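Structure record follows, encoded as structure tokens.
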Amino acid sequence: MATKKPIDPADSPRVVLEGRVVTMNGNAEVIANGRVYTHNGDIVAVQEATAPAPAGFGNTAVSATGGTIYPGFIDLHNHMPYNVLPLWQVPKKFSNRGQWGRHAEYHSKISAPMQTLAATPELLASICRYVEAKALVGGTTTGQGITLANQSGIRRYFRGVVRNVEATDDEASLPAASTRVPDVAAKDAQTFLTRLKKEKSCYLLHLSEGTDATARRAFQSLQIGGASWAITPSLCGIHAAALQAPDFEVLAANGGSMVWSPFSNMLLYGRTADIAAAKAAGVPISLGCDWAPSGSRNLLNELKVAHIFSEANGGIFTARELVAMVTREPAGLLGWDRVVGTIEVGKRADLLVVEGTAGDPYQQLIRAKESDLALVMINGVGRIGDAALMRKLGFAGETLKIGGANHMLFLAHPAEDPLTQNLTLSAAGDRLTRALRGLPALARMAERPRPISPMAMARAGANTWRLALDEILDTGVELRANLPVRVPGGRTLRAAAMRPVFAETKKLSAAVMPLAIDALTVVDDPGYLDALDTQRNVPDTIKEGLRDLWS
Ligand SMILES: [Zn+2]
């Protein structure tokens with residue numbers, strides 16, 4: 001039986017992109033005037049612009065981008081559905097994640113609004129469309145997925161155009177990663193180690209988020225005894241903010257890695273991981289956004305925060321090392337380094353083109369705004385970019401303005417999720433804007449049980465997909481357990497028997513208030529930097545640095 005590949009229709013047209021090529025390969029090679037040839041999803045050649053075209057490209061028009069070409073971004077830490085919500089005005093300085101999850105303000109601004117949206121299946125398609133487009137306009141070509149669940153507890157992932165680390169349908173070259181939000185209890189460390197040893201890709205575990213001893217204990221719980229730890233090269237700790245220098249030594253000695261999300265850490269806790277110690281210990285490090293309510297809107301912002309933090313602390317990372325943290329490093333953590341993460345022949349054509357070729361190319365990317373992204377290509381298909389370039393390449397879709405310029409979004413896909421078929425980003429955004437503005441009314445509707453006839457139930461029940469939210473508040477239920485389950489139709493889903501969050505819809509209307517949708521970009525959100533200024537925990541150096549880098 002032919003397997004449908006969710007993001008990899010290997011039939012992309014021949015494309016020749018000319019520009020400065022930042023390969024991010026092992027030699028950090030940059031071709032000042034180069035060309036990248038792509039076809040059928042792959043990079044066919046990377047060479048000087050003056051070199052003869054490879055076989056088959058004789059008649060292919062060269063697209064002179066006037067820009068710099070990088071590998072596409074990989075974001076290993078995101079809670080995608082939440083990215084419709086605006087930045088939370090964090091009410092106090094927390095010291096571990098168990099605290100804010102129980103704060104009344106968190107309930108009214110984040111968990112109750114999200115539960116209300118999740119309890120309204122009519123909004124599901126709009127949420128998927130909006131948050132995926134938002135990742136794309138920030139350059140993400142590979143990220144974490146959007147989990148859906150139906151009434152029977154069957155789970156699946158939204159099938160979008162952004163490569164999803166949790167569902168690839170291509171276990172041979174892109175084995176799926178696993179994710180987990182709750183802590184591992186000390187008594188379960190041995191079981192967890194057994195689970196880690198079975199991992200083919202990477203196990204993304206939220207680890208020691210916070211700054212205090214409670215947060216650090218989550219790491220210490222991985223110690224089975226003596227020098228034996230539930231850490232393998234598959235373990236990637238998200239945050240690792242409470243780890244001390246000796247902990248990073250242990251993590252590195254056992255082959256573990258981390259995803260650093262400095263902006264989220266600073267918003268909630270006022271400081272971030274001892275990243276200099278992590279680097280000194282040799283821990284492989286990637287960068288992740290976390291989520292819009294207390295994190296970066298996209299990786300362009302997270303790169304800026306990481307750069308500002310690094311510079312303010314004596315220059316921990318070079319600009320190139322930071323770019324590696326969103327390209328080749330995460331590809332390595334996933335075990336996907338032979339397929340993505342750099343611009344090399346034979347790899348998937350996941351590319352970013354940023355306008356301009358002046359100065360240091362790595363600094364240029366760190367300074368880039370969403371409006372500077374002339375093209376975001378996934379598997380040889382242009383997904384968003386400058387409207388003229390997209391048209392020239394044959395990817396004509398929905399037009400939108402980014403930073404005043406005409407851009408084009410192309411989301412057509414041979415194996416497109418039926419959920420979002422024919423739904424434009426513009427319609428999705430309008431619908432969500434209205435829904436968030438009317439949250440109290442929506443919550444009241446969600447609280448009222450809908451009368452469902454047995455016939456309607458039979459017709460729609462099992463196929464009514466809803467958001468399965470990552471439950472940040474620890475209830476002891478692992479919501480992203482990733483247990484492989486065979487479902488009718490032959491596809492292996494990563495599913496879990498669970499108590500769905502959407503069953504808890506009581507008292508939502510008392511908690512929620514009207515909210516504004518989180519804007520698609522920073523460049524078109526004049527209030528964003530002002531809103532950051534009112535965040536009590538974010539250091540002034542970060543606020544000022546962001547103002548500079550986004551200007
Ligand atoms: Zn997270």
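Working note: Karplus 6.51/-1.76/1.60 with θ = phi - 60° gives the stretch 17-25 the couplings 9, 10, x, 7, 10, 9, 6, 6, 6 Hz, where Gly and Pro are set to x. When the Cα convex hull of the stretch 33-110 is projected onto planes of every orientation, the mean area is 9.4 nm². Close amide H contacts of Ala45 (hydrogens built in the peptide plane, cut-off under 5 Å, sequence separation of 5 or more or a different chain): Tyr37.
Between the listed residues Gly429, Gly380, Pro361, the Cα displaced farthest toward the positive end of the dipole of the stretch 294-450, a dipole computed from Cβ unit charges relative to the Cα centre, is found at Gly429. Going from the residue with the fewest nearby Cβ atoms within 10 Å to the one with the most, Leu300, Leu432 rank Leu432, Leu300. The equivalent ellipsoid that matches the C-alpha gyration tensor of the chain spans semi-axes of 33, 29, 24 angstrom, in descending order. According to the calculation over all Cα-Cα pairs in the stretch 11-159, the P(r) per 5 Å bin from zero is 2, 7, 12, 13, 13, 12, 9, 8, 8, 8, 4, 2, 0 %. Per-residue Cβ neighbour counts within 10 Å put Cys236, Cys202 in the sequence Cys202, Cys236, beginning with the fewest.
Once the cut-off is 17 Å, how many percent of the Cα-Cα pairs in the stretch 247-311 end up in the long-distance tail? Here the tail beyond 17 Å accounts for 40 percent of pairs. Here the relative contact order of the chain, from alpha carbon pairs under 8 Å that lie six or more residues apart, stands at 23 percent.
Counting only DSSP H runs of at least 4 residues, each contributing -39500 (n - 2.57), and dividing by the residue count of the chain, the helix-based mean residue ellipticity at 222 nm comes to -7500 deg cm²/dmol.
For the stretch 39-82, the gyration tensor built on C-alpha atoms gives a prolate shape. Its axis ratio a/c (a ≥ b ≥ c) is at least 1.5, and a/b is the larger of a/b and b/c. Here the stretch 163-290 is treated as a Stokes sphere of Kirkwood radius computed over C-alpha pairs; at 25 °C and 0.890 mPa s its diffusion coefficient rounds to 167 µm²/s. In the stretch 167-214, the convex hull through the Cα atoms has an average projected area of 4.2 nm², a quarter of its surface area. If you model the stretch 285-409 as an ellipsoid using its alpha carbon gyration tensor, with each semi-axis the square root of five times an eigenvalue, the axes come out at 25, 19, 14 Å, biggest first. Among Val16, Val62, Val161, the ranking by other beta carbons within 10 Å of each residue's beta carbon, starting with the fewest, stands as Val62, Val16, Val161. Ser63 sits among other residues whose Cβ lies under 10 Å from its own Cβ, and their net charge, with Lys and Arg +1 and Asp and Glu -1, is +1.
Of the GluC sites (Glu not before Pro) found in the stretch 170-268, the ones in coil according to DSSP and having at most 16 other Cβ atoms within 10 Å of their Cβ are Glu171.
We did not get these values from a lab; they are worked out from the coordinates using the rules stated. What you see is a predicted model, and the numbers here were worked out from it, not measured in a lab. Ideal geometry is used to build each Cβ from the backbone, glycine not excepted, and the neighbour counts take in all protein chains shown.
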